[in-house]
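A quick write-up on the structure given underneath.
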Amino acid sequence: WSVPVPCLRGGALVRLLAGMQQARRLHRTARVDPTLRALLGAACPARADVAVSEHIHSPMVVGLLRPRILVPLPLLDALPAEALRDLLLHEAAHIDRRDLWASAVQRAILAVFWWSPFMHPIGRRLDAAREAACGARAAVQAGSGRRYAGPLLNGVAALIQQREHRNALAVGMSVHRSRLRARIEPLPAAGT
């Protein structure tokens, strides 16, 4: 009979290191886009830039020391400028809140305490809370939750319907529609 000891499990550590390597590769291979940075305007964190990547399926931020907002190439054609700006506001909120650092610490803790049945559900709740906080912040900057969510949802719907864009991006967005709805419903209304 053995009691689990808090130590790094090989698989958890390998996944953590692989994720770090992948983030570095995405950061390095993305093409900086000054037009997208200008679209974000003054809301873009001073130490960050905005880039386009062919290797991702959803917007994200990579780079602990030099944060970079990555936008999937297909979104540039699928979303209107207003929706792209709202999306960028959400990602900029992750940088302002230092969510990458919090996530890195969280992933390291999960790698150490891989055996705990409580850590992974807590991790998922922390991830969801970060996303909700960034969505709320972006909605306030956009003027309201409806103003923030409307163009984004319309763009996602158009992307799903376009035959030439039926790829992993469209499938991923349609499969996770309930998660998207759960993130949009609590957004603040205009004037709140």
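The values are calculated or read from the model by the stated rules, or taken from the named source; none is laboratory data. Here the structure is a predicted model, which is why all the values come from computation and not from measurement. Reconstructed Cβ throughout: ideal geometry from the backbone, glycine too, with neighbour counts over all protein chains shown. To get the accessible areas, we keep the full protein, side chains included, count just its heavy atoms, and leave off ligands, DNA and RNA. Shrake-Rupley method; radii C 1.70, N 1.55, O 1.52, S 1.80 Å.
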Listed highest first by mean packing, meaning other Cβ atoms within 10 Å per residue, what order do 14-20, 80-86 come in? 80-86, 14-20
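For LEU65, LEU36, give me the order by solvent-accessible area with a 1.4 Å probe, most accessible first, ignoring ligands, DNA and RNA. If you can, show how the numbers build up before the last one.
Working: LEU65 145, LEU36 10 Å².
Sorted descending by solvent-accessible area, the residues read LEU65, LEU36.
So how many Å³ per residue does the convex hull of the Cα atoms of region 34-82 work out to? Don't jump to the answer; show the numbers that get you there.
Working: hull volume 3.8 nm³, N = 49.
Spread over its residues, the Cα hull of region 34-82 gives 77 Å³ apiece.
Of the peptides 117-127, 23-33, how do they stack up when ordered by the mean number of other Cβ atoms within 10 Å, highest first? Display every interim value, and only then the final one.
On the way: 117-127: 11.8, 23-33: 14.7.
Going from most to least packed, we get 23-33, 117-127.
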Bin width 10 Å, alpha-carbon pairs only: give the P(r) of region 1-116 as whole percents, running from 0 to the bin holding the largest distance. 13, 39, 27, 13, 6, 1, 0
According to a simple spin-label model (label point 7 Å from Cα along Cα-to-Cβ), what is the distance in nm between LEU17 and MET119? 1.7
Label points 7 Å out from Cα along the Cβ direction at ALA108 and LEU76: separation in nm? 3.6
